[in-house]
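Presented below is the structure to which this report refers.
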Amino acid sequence: MHLREATSADAEAVDTDLALLPVGSTEQHGPHAPLGTDSLTAETVADAGADAYDGAVVVAPPIHVGVAEEHRDFSGTLWVSEDTFREYVRETVASLAHHGWDRVVIVNGHGGNVDALRELCGRLSRDGEAYAVSFTWFDAVSDPEMGHGGPVETRLLRQSHPDLVHEDRLDAAAAGAAEGWGEWVSGVNLAYDTAEFSENGVVGDPRESGADRGEKLVDEARAALVELLEAVATRER
Ligand SMILES: [Zn+2]
């Protein structure tokens with residue numbers, strides 16, 4: 001059940017304690033992919049998981065602005081501080097729990113949110129407010145090297161939102177891309193912002209993102225999320 005489309009009466013009637021909360025970002029993804037990539041991918045995976053799960057699950061509306069200051073040099077990027085982000089997500093989860101949906105899987109689409117979400121889910125769970133875990137979909141699939149606006153994200157978008165991928169800009173995206181994330185010396189990333197190591201904000205070659213592989217990517221992410229939902233639904237608290 002998607003809260004955004006359901007009525008309050010529908011919400012009252014649903015019999016579950018499981019909820020999914022998609023969390024994304026609004027940030028540059030190179031010249032070829034939309035600013036909303038991380039929200040679109042998180043929603044795609046959350047919807048697929050909710051559809052495939054054998055049981056009722058409430059899907060909350062997505063959070064579209066996250067921890068993304070590292071992309072501030074590129075137009076259109078929005079961000080909030082980690083403190084604001086954690087508080088906003090915490091209160092959103094607390095309101096889900098208020099209605100009895102207190103086993104919460106956050107479906108995350110943005111690398112910059114990972115640390116804040118892990119800490120937040122630990123705090124919520126230890127405090128007993130809810131049992132919450134954070135699932136970052138690209139960490140659960142077999143595709144190597146996430147990059148940024150690179151093959152993995154572009155592959156998923158080509159499957160879920162093909163009209164939003166500018167195929168005619170893929171060569172330009174690849175030409176200005178960095179090969180890897182960051183500027184590493186002795187295990188330390190010297191760069192804080194993407195613009196310090198990537199000319200156009202892209203990491204990885206999005207041309208390697210054959211649309212035919214997109215379906216497999218969604219399948220893998222969906223299966224991983226369903227397995228996680230089953231574990232969270234039955235775990236002792
Ligand atoms: Zn992204």
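The values are calculated or read from the model by the stated rules, or taken from the named source; none is laboratory data. Predicted model, so just to flag it, every value in this text is computed and none were measured. In this analysis, Cβ positions are derived from the backbone assuming ideal geometry, glycine residues included, and neighbour counts consider all displayed protein chains. Side chains are part of the model used for accessible areas, which takes the heavy atoms of the whole protein and leaves out ligands, DNA and RNA. Shrake-Rupley method; radii C 1.70, N 1.55, O 1.52, S 1.80 Å.
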- Message: With the requirement that a residue be open to solvent by less than 70 Å² (accessible area, probe 1.4 Å) and assigned to a loop (DSSP other than H, G, I, E, B), what does segment 70-80 give you?
- Response: Phe74, Gly76, Thr77, Val80
- What about Ser39, is it surrounded by 20 or more Cβ atoms within 10 Å (Cβ to Cβ) and small (Gly, Ala, Ser)? yes
- Message: Of all residues being among the charged types (D, E, K, R) and touching a residue at least 60 places away in the same chain (Cβ under 8 Å) in segment 87-125, which is surrounded by the most Cβ atoms within 10 Å (Cβ to Cβ)? Just the residue, please.
- Response: Arg103
- Task: Please indicate, with yes or no, whether at least one residue in segment 81-104 is at positive phi, assigned to a loop (DSSP other than H, G, I, E, B) and modelled with pLDDT of 95 or more.
- Result: yes
- Members of segment 42-58 that are open to solvent by less than 10 Å² (accessible area, probe 1.4 Å) and not β-branched (Val, Ile, Thr): Ala42, Ala46, Gly49
- Task: Give me the pairs, please: first residue somewhere in segment 143-154 and in a loop (DSSP other than H, G, I, E, B), second residue anywhere and open to solvent by 20 Å² or more (accessible area, probe 1.4 Å) and near the ligand (Cβ under 9 Å from one of its atoms), beta-carbon distance under 8 Å, and either six or more positions apart or on two chains.
- Result: Met146/Gly111; Met146/Phe138
- Query: Would it be correct to say that Ala174 is at pLDDT 95 or above, under 20 Å from Ala42 (Cα atoms) and either away from the ligand (no atom under 13 Å from the Cβ) or assigned to a loop (DSSP other than H, G, I, E, B) (or both)?
  - Reply: no
- Does Val67 satisfy being assigned to a loop (DSSP other than H, G, I, E, B), under 15 Å from the mean Cα position of the chain (by Cα), of a type outside the set (Lys, Arg) and within 13 Å of the ligand (Cβ to nearest atom)? yes
- Query: Which residue out of Ala33, Ala52, Ala46 is touching a helix residue (DSSP H, G or I) at 6+ places or on another chain (Cβ under 7 Å), under 30 Å from Arg169 (Cβ atoms) and among the small types (Gly, Ala, Ser)?
  - Reply: Ala33
- Restricting attention to segment 178-236, which residues are assigned to a loop (DSSP other than H, G, I, E, B), acidic (Asp, Glu) and under 30 Å from Ser125 (Cα atoms)? Glu236
- Identify all residues within segment 1-36 that are within 16 Å of the ligand (Cβ to nearest atom) and aliphatic (A, V, I, L, M); write none if there are none. Val23, Ala33, Leu35
- Item | Residue among Glu5, Glu27 that is part of a loop (DSSP other than H, G, I, E, B) and over 24 Å from His148 (Cβ atoms) | Glu5
- Within the set of pairs 6+ apart or on separate chains, which have a first residue in segment 37-61 that is within 16 Å of the ligand (Cβ to nearest atom), a second that is assigned to a helix (DSSP H, G or I) and of a type outside the set (Ser, Thr, Tyr), and C-beta atoms under 6 Å apart? Thr37/Glu153; Thr41/Leu156; Val45/Trp137; Val45/Ala221
